[in-house]
Every structure is written in structure tokens, then in C-alpha cells.
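Q: Below you'll find the structure I mean.
The values are calculated or read from the model by the stated rules, or taken from the named source; none is laboratory data. Small disclaimer: the values here were computed from a predicted structure and weren't measured. In this analysis, Cβ positions are derived from the backbone assuming ideal geometry, glycine residues included, and neighbour counts consider all displayed protein chains.
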There are 2 protein chains.
Amino acid sequence: MRIVQKFGGTSVGSLERIQKTADIVQAELARGVQIAVVVSAMSGETNRLVAMANEMSEQPAARELDALVATGEQVTAALLAIELQKRGVVAYSYSGGQAGFVTSADHARARIKSVESSHLLRHMQAGEVPVVTGFQGVDEKGSVTTLGRGGSDTSAVALAVAVEADACDIYTDVDGIYTTDPRMVPKAQKMERISYEEMLEFASLGAKVLQTRSVELAMRFQMPIHLRSSFDPVVGTMVVGEDETMERAAISGVAYNRDEAKITIMGIPDQPGIAANVFGPIAEAGVNVDVIVQNVSEQGYTDITFTVPRSDYEQTMGIMRMLCEQMQGRDVKGDDTVAKVSVIGVGMRSHAGVAKMMFDTLAKEGVNIQMITTSEIKITVVIEEKYIELAVRSLHSAFGLDLSPPA
Amino acid sequence: MRIVQKFGGTSVGSLERIQKTADIVQAELARGVQIAVVVSAMSGETNRLVAMANEMSEQPAARELDALVATGEQVTAALLAIELQKRGVVAYSYSGGQAGFVTSADHARARIKSVESSHLLRHMQAGEVPVVTGFQGVDEKGSVTTLGRGGSDTSAVALAVAVEADACDIYTDVDGIYTTDPRMVPKAQKMERISYEEMLEFASLGAKVLQTRSVELAMRFQMPIHLRSSFDPVVGTMVVGEDETMERAAISGVAYNRDEAKITIMGIPDQPGIAANVFGPIAEAGVNVDVIVQNVSEQGYTDITFTVPRSDYEQTMGIMRMLCEQMQGRDVKGDDTVAKVSVIGVGMRSHAGVAKMMFDTLAKEGVNIQMITTSEIKITVVIEEKYIELAVRSLHSAFGLDLSPPA
């Protein structure tokens, strides 16, 4: 058995937490597992370093910012190696470059090009533990690069692929993926398994436990991810290929996001390129547009509705009002009290009637659907925010996800 | 003109100080000088990192401690590069390994084996500024190594040699080397030039402005060091080869050290190997012995006197009492209120009578000499501590070092 373990910022957020992390490493070693560890910076450290750079310059050079923040993980890796050595475990820290991570030269958002980690594999096979800095590598000139926030998950999966690990265990502060938010729905169940595709949909819906890139990479190489808690030794959720997931109900979970605002620009000319005209200026302003719906046009005019994060609502409304005037549109309307709810499941592909059951369920509860979008394994609706709990609970129950009382 | 500038911990001790450092770099660039910069960790940072490691483990693994503390300089280098870029100077930070410093694998006290810095030289020739972390490199396996405390001076000199610089400017919090301590002797003069040999003697006497290793390296490659202040733009002291120093008086300066204790072990058998018997256990205890004098023996017995740092006095007395019993010696005596004063000068070689003048001067002032040792360019005496100011001032004056009143 060979495993790459990844510990995030809160799991290594203090010297005491690093000791707990060493406990976990040691326990797995004692089971005879070959281990490599990937660590993030101690929580808060990256922000501290970035703050110094920003105090120095409003636009710190990207190459230097990477060299600066990369020290955060290097500190964690050395401290964990020291702790493991103290316990008699042979451990060595490796920076991204030392561990063989070669990336593109796009500072702050580098892509991993290759991982030459045969030296780490030799350590693992000898029962030794390489402790690798996540989130970073070097480009082909040897300059330090970072993968962007959350890139440590991607580092861990890439290393797991490189050393042909049996799984990549990602330790975090939650103990798995639930069928929906357990704080909202007490009957939510922890999933034993979830497919990569479903995980991607959950991730895009704000279940920020796993970075999308890391799931994509794991999917490409069929590397199982075990998402689990560093605070609680229970088994977490396995993220695996679809063929490994058990046959089951059409829907595996219900996700939601309250942080939504809806904007409609009405009566603009229905011409090729109109969407680019609308969304170009929003993208330039750095606003992420989420759901987009364009109604069927009438008499050469069309309406476009989309959602943005609530914090970007005012700015986006301003841009839209300006555009509407330029394009001689009819009006711009907005609503920043909407929310989004999705049902997700690979089973949806083969089960007819998921959409019908979703819409029926919401209708029965008197919840009006404002927008609908669908993907192959997800249906999302935008509704009034005040109905969100009602919608999530009724869907969770309607799709048979509620925890059964113990037999 | 090509110069390697080195800035120590206090010169980069805050973001504000890093800005001042950038001022200095920019000013030299504006004069058309090709510049590479070597930086230390921000003052206090190395201690902070070591404290974390020590909290983790009483004996942190040396390889990991090096990887950990090396991040200190990396932070400074990136921040200075960011500051320079902000000002329109093209600058790049380099870790020791990236800059081409290959060292021995002796962690925490690595020796530089080679510096392959042609890429840095190309930057310099293009008017760009490489900012290199001092104090560190990588061994042949690519593990991060450090040169030991103060090793940044050595890094700077080694880089200056590698890029064939005209000089290595070492910026610190003093503005040069003085003929003696100006706080004790207001008539002390800043030296314009000092030879490597003299600098080594001053350094060994606690003038901690330049690390001995860096001076030895500069001497071997005849690399001029300009020791100057980062707080005050005045010209400092040039440390150069002897042939470049002007002809001058026999003595270039008077150094002293109060932190001395004297121990005498009396009436021990005068046999071959006796010194090893005495000093072996002291070395094992990690105590640095300084001046050693063995009196002429009488009737098969001898006395050995030596000095140690005052903080090691009690421990060393304990060891000596034990040894004295084992060797059936007569007695052990100690005195922890002694001090050391030295006159230093390459001119001493060709000028007779330096020793005579030194002893005469002290005798005239009623200062009793307890021990004497000499090297080729230095005479050191141990005296009662209470006479130290009197001794230093009278010697400074007697050897013609007092600052003349302006003409």
C-alpha cells in the first residue's frame, strides 16, 4: 500500500497541529503503508507574506511574489520533517523544485508539466517519508512558481500519480462530502463514495473542500482521493471513477449557494456577438458570472439574465446600466436576494424524470423557479433566497437521501 | 565597475530598511555600476525560525533546520527584488541554490565548493540586479545547506570572486574599522584601509563586523572588501591586500576584550601529551580556549594558564579541579576579572621595538601584565580588567593613533 497524504493549512496551523499531523503519518506507517506527505503553509502565513509584498509595492513582481510565498510551505515541510525525525521516523523535506515538480512559467497560476519524483519513491519504498511542499514547483529556468491558491491539492494528486500511489488522502477540517449541508439538513448523510464528475459539480457549487483542478487531474489518471478529517480519525469520502461507484439512486446530493444576485438586461438587439458585448466588460472587471440564461428573442430583441456573486452586484449593475444605454436596450433589472439550488448525480444520465421530480417537488412547496440551467449530471435552479432551506430539505427528502433511522 | 553589495540583517530589518537598501542599490546603478546584491534574513527572523524548530524538537534534524532557516533570506531577497522592480529596476531574487552556490553537505556549517553564477553575471552586464540569498547553498544532492551564522559575508565575497567584481561592498551598522573602540577612546580614527591579515586579527578579537571566513576568502582571491554603513553614506574602510596598504606606522589599531577569565592549573607532571590531557575535556565541553601560556617547568612539574570566555568560567573551573585531582596536580586558580588588550599591525614585522614600547607604556601607567602572547602581526597581553580603559587609551596614544586636531 502506497499513499500520498496531503495536509492543508488548518491541519498544520500551529506547532501543536503539526504534531497531530505527525501522529497521523506515524499511524499509517505503523500499518506498513508507504507514505509521502504534501503540506500547505501554516494557516495565515501566506497572507502574512503577501501583505508584506503589498506593503512594499502595489503590484509586486509575480516572479518575486512566488519566491516569497513559497517559503510558507517550506517552513511547514521542514517543521514536520523535524517532528517526524524526533519520533525516529526518517523524513526529509523537499521544496517543489527539489521534489521534481516542473511547471509552466505562469507565476501565481502555474500548471504542472511533469513530476520527476523517483528519488521520493525510493525514500517511500525504504520506509522513509518525504515531506513535500504543496502549491509550488519551478519553471524550466529554475524560477520558483506557485500553482495558485489551493494548488496544494493538485500537487498531492500529481505526486500520487508520479509515485503510482494507491490513493491520495486529502486531510482537511471536514470529514467528507455530505448529501447536502448537514447544518441545514440534519438528515444529510456522509457519502462513502462519490464520482469525480459529481465532485466537480459539488466543487463548482462552493463545496470548497477540494480544488477543481485536483479533481480533474485525479479523474484523468483515475487516482482515488480519500477526503478525510485531520481532526477526527473516521473514514471520509472516497472520490473515485464512476465505474467504481456502486449502483445507486439518480441523485447523490443537493448543493446550494446563497451568495447570488440576478441581473437581467432587457430589450437589447439580438445580433451575433451580443453576448460578448455584454460579458466582455464584466470579465474585465474581474466579476465571475455564474448561471446565464438567454430567453428566446422576439422581433429582433432579446433579454439576457445571469447571476453574479452578491458582493459584485452593485458594480455589475453599474456596468449593465452603461451598456444598456450604449446598446439602446430597454431596461436593466436586478435582484440580490436570490439563491441557487442544484441536484447532482451521475445516475441522472440513465434515470429519466429527475428534472420532472425536481420541479414537481418545488412546485408542491410553492417555490417559484426563476431560472433553470442543466448539465449532464446537474440541474440548477435559481429561486428566491427565503425559500432556500425549504427547497434543499424537500429535494433531499424527495430524492431519497434522508438518513434512515438505524434499523 | 562591477560590485557585489551585501546587506546584513539590520540593514534589511524592516520594510522601511529594505526601501533604504533599494535607495543604495539604485544610487550605485545610477553611477553606471553593475550590481549584484546579497542579503541576510531580516533581523530576528532566523531566531524566530530556529525557536519554532526547537519547540518542535530538542535536536532538530540538521538538514531540516537548514531548509527551515534558509527561508529567512529568501523572504528578504524577494521583498528587495519587489521593491527594486517597483522603481523600474529589473531585479530577480535567487536562492543560494538558484544562484549556483554548491557547498559541502555539512549542514549548518557548510563550506562553499563552487559558485556557477554566469547567469547572474549576464543580468549584471545587462544592467539588471540579481538579489541573492546569503548564508546558503545546496549540496551535491540538491539539499539546502547553510554556511553558519554570519555566512552571508562569505557568500558575498564568493559571489564577488565568481563574477569577477571589482570589490565586495559589505553594508553593516558601523561605518568602518577604527583604530580602537571610539566609545572608549574619542580620539579613535576610522581607518581608510586595512590589510586582510590585520582584519583577521581584529575579527578574532571580537570586532564582529566581518566574519573571519569571509576575510580569509577575500584574501585568497585578493578581493577588496569595502566595509561601510547602510545608515550613513560616508566612505568606510577598505580591506585590501598588504601591498595596497600605504606605508605607515607599525601599529594600525588597538583591540580589547573584557569578556575574559583566566585559569591556571599548577604543579602537574611535565610530560608529553599533558596539554592534550588538559584541553581535551575543555574542547569536549564546547568551551573556546583563547590565550594559552605554559610556564617553563621546574623539577618535572609545570603550570598551564589559559583564558576562556567569562560565561564558561565556572564550568571550566569544575573540569580543571577534576583534572587536577586525576593528574595529582598541586592546585587550580582562577580569576574572572581579567581583560585582554592587543596591538595589531602588519608594520610590526619590519619595525623593531613594538613589544618594548607596548610593555613600557603599560609599565609607566602601573598596569601589571599577567600573560603575553604574540603572533606575527599582533601582541596580546592579559591584564586586570579595571585597567582596560587606561591601557587602551595609553597604547592608542603611544603608537601615534590619536586623531590630530584639524589643521
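Q: Could you please let me know if A:Thr46 is of a type in the set (S, T, N, Q), within 17 Å of B:Ala70 (Cβ to Cβ) and in contact with a helix residue (DSSP H, G or I) (Cβ under 7 Å, 6 or more places away or on another chain)?
A: no
Q: Within the range A:161-169, is there a residue that is in contact with a Gly (Cβ under 8 Å, 6 or more places away or on another chain), touching a residue at least 40 places away in the same chain (Cβ under 8 Å) and over 30 Å from A:Val341 (Cβ atoms)?
A: The answer is yes; a qualifying residue exists.
Q: Quick check, is A:Arg183 under 26 Å from A:Ser311 (Cα atoms), without any contact (Cβ under 8 Å) to a residue 40 or more places away in the chain and out of contact with any Ser or Thr (no Cβ under 9 Å at 6 or more places or on another chain)?
A: yes
Q: Sticking with this structure for a sec: If you check A:Ser104 against the conditions, is it in the same structural domain as A:Ala22 (by TED's automatic domain parsing), touching a helix residue (DSSP H, G or I) at 6+ places or on another chain (Cβ under 9 Å) and closer than 20 Å to A:Val157 by Cβ?
A: No; evaluated as a whole, the condition is false for this residue.
Q: I've got another one for you. Sort out which residues of the range B:10-40 are buried (at least 23 other Cβ atoms within 10 Å of the Cβ) and of a type in the set (Gly, Ala, Ser), and write them in order of number.
A: Hits for the range B:10-40 are B:Ser11, B:Ala22, B:Ala36, B:Ser40.
Q: Follow-up question, since we're still on this one. Of the conditions (1) among the small types (Gly, Ala, Ser); (2) in contact with a Pro (Cβ under 7 Å, 6 or more places away or on another chain); (3) more than 10 Å from every other protein chain (Cβ to nearest Cβ), B:Gly8 clears all except one; give me its number.
A: (2)
Q: Tally time: how many residues in the range B:162-171 are buried (at least 24 other Cβ atoms within 10 Å of the Cβ) and either assigned to a helix (DSSP H, G or I) or of a type in the set (D, E, K, R) (or both)?
A: 1
Q: Moving to a separate point now. Restricting attention to the range B:76-104, which residues are of a type in the set (D, E, K, R) and more than 8 Å from every other protein chain (Cβ to nearest Cβ)?
A: Correct list: B:Arg87 only.
Q: Also, quick follow-up: Of the conditions (1) assigned by TED's automatic domain parsing to the domain that holds B:Glu384; (2) in a loop (DSSP other than H, G, I, E, B), B:Pro182 fails just one. Which one is it?
A: Of (1) assigned by TED's automatic domain parsing to the domain that holds B:Glu384; (2) in a loop (DSSP other than H, G, I, E, B), only one is false for B:Pro182: (1).
Q: Within the set of pairs 6+ apart or on separate chains, which have a first residue in the range A:42-57 that is facing chain B (nearest Cβ under 10 Å), a second that is part of a loop (DSSP other than H, G, I, E, B) and not acidic (Asp, Glu), and C-beta atoms under 6 Å apart?
A: A:Met42/A:Gly13; A:Ala53/A:Pro60
Q: Considering every residue within the range B:123-139, establish whether at least one is more than 28 Å from B:Gln85 (Cα to Cα), among the charged types (D, E, K, R) and in contact with a Ser or Thr (Cβ under 7 Å, 6 or more places away or on another chain).
A: Scanning the range B:123-139 turns up at least one residue that is more than 28 Å from B:Gln85 (Cα to Cα), among the charged types (D, E, K, R) and in contact with a Ser or Thr (Cβ under 7 Å, 6 or more places away or on another chain).
Q: While we're here: Given the options B:Met223, B:Met219, name the one that is touching a strand residue (DSSP E or B) at 6+ places or on another chain (Cβ under 8 Å) and either modelled with pLDDT of 90 or more or within 23 Å of B:Gln370 (Cα to Cα) (or both).
A: So the residue among B:Met223, B:Met219 that is touching a strand residue (DSSP E or B) at 6+ places or on another chain (Cβ under 8 Å) and either modelled with pLDDT of 90 or more or within 23 Å of B:Gln370 (Cα to Cα) (or both) is B:Met223.
Q: Farther than 29 Å from A:Arg17 by Cβ and either free of Cβ contacts under 8 Å to residues at least 24 places away in the same chain or within 24 Å of the chain's Cα centre (by Cα) (or both): does that describe B:Thr103?
A: Yes, satisfied.
Q: Looking for something within 13 Å of chain A (Cβ to nearest Cβ), in a helix (DSSP H, G or I), touching a Gly at 6+ places or on another chain (Cβ under 7 Å) and not hydrophobic (A, V, I, L, M, F, W, C) - is there at least one such residue anywhere in the range B:12-22?
A: no
Q: Inspect all residues belonging to the range A:274-293 and state whether any of them is in contact with a Gly (Cβ under 8 Å, 6 or more places away or on another chain) and more than 30 Å from A:Thr361 (Cβ to Cβ).
A: Among the residues of the range A:274-293, not one is in contact with a Gly (Cβ under 8 Å, 6 or more places away or on another chain) and more than 30 Å from A:Thr361 (Cβ to Cβ), which makes the answer no.
Q: For the range B:66-75, which positions are more than 7 Å from every other protein chain (Cβ to nearest Cβ) and hydrophobic (A, V, I, L, M, F, W, C)?
A: B:Val69, B:Ala70
Residue by residue, here is whether (1) surrounded by 24 or more Cβ atoms within 10 Å (Cβ to Cβ); (2) within 14 Å of chain A (Cβ to nearest Cβ) holds:
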| residue | (1), (2) |
| --- | --- |
| B:Val131 | yes, yes |
| B:Gly142 | no, yes |
| B:Thr145 | yes, yes |
| B:Gly148 | no, no |
| B:Ala156 | yes, no |
| B:Ala160 | yes, no |
| B:Asp175 | no, no |
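Q: Looking at A:Asp232 and the list (1) out of contact with any Lys or Arg (no Cβ under 8 Å at 6 or more places or on another chain); (2) outside any helix (DSSP H, G or I); (3) among the acidic types (Asp, Glu); (4) surrounded by 15 or more Cβ atoms within 10 Å (Cβ to Cβ), which single condition is not satisfied?
A: (4)
Q: Taking the condition at pLDDT below 90 and either under 20 Å from A:Lys378 (Cα atoms) or not in a helix (DSSP H, G or I) (or both), does A:Met246 pass?
A: So A:Met246 fits the description; yes.
Q: Please list, ordered by first then second residue, the pairs with beta carbon atoms under 8 Å, 6 or more apart or interchain, first in the range A:79-98 and in the same structural domain as A:Ala27 (by TED's automatic domain parsing) and within 11 Å of B:Ser143 (Cα to Cα), second acidic (Asp, Glu) and not in a strand (DSSP E or B).
A: Going by the 8 Å Cβ cut-off, the qualifying pairs are A:Tyr92/A:Glu128; A:Tyr92/B:Glu64; A:Ser93/B:Glu64; A:Ser95/A:Glu73.
Q: Test A:Gly353 against the criterion of being modelled with pLDDT under 90, out of contact with any His (no Cβ under 6 Å at 6 or more places or on another chain) and at positive phi, and give yes or no.
A: Answer is yes for this residue.
Q: So which residues in the range B:275-303 are part of a helix (DSSP H, G or I) and crowded, with 19+ Cβ neighbours inside 10 Å, if there are any at all?
A: Across the range B:275-303, the qualifying residues are B:Val278, B:Ile282.
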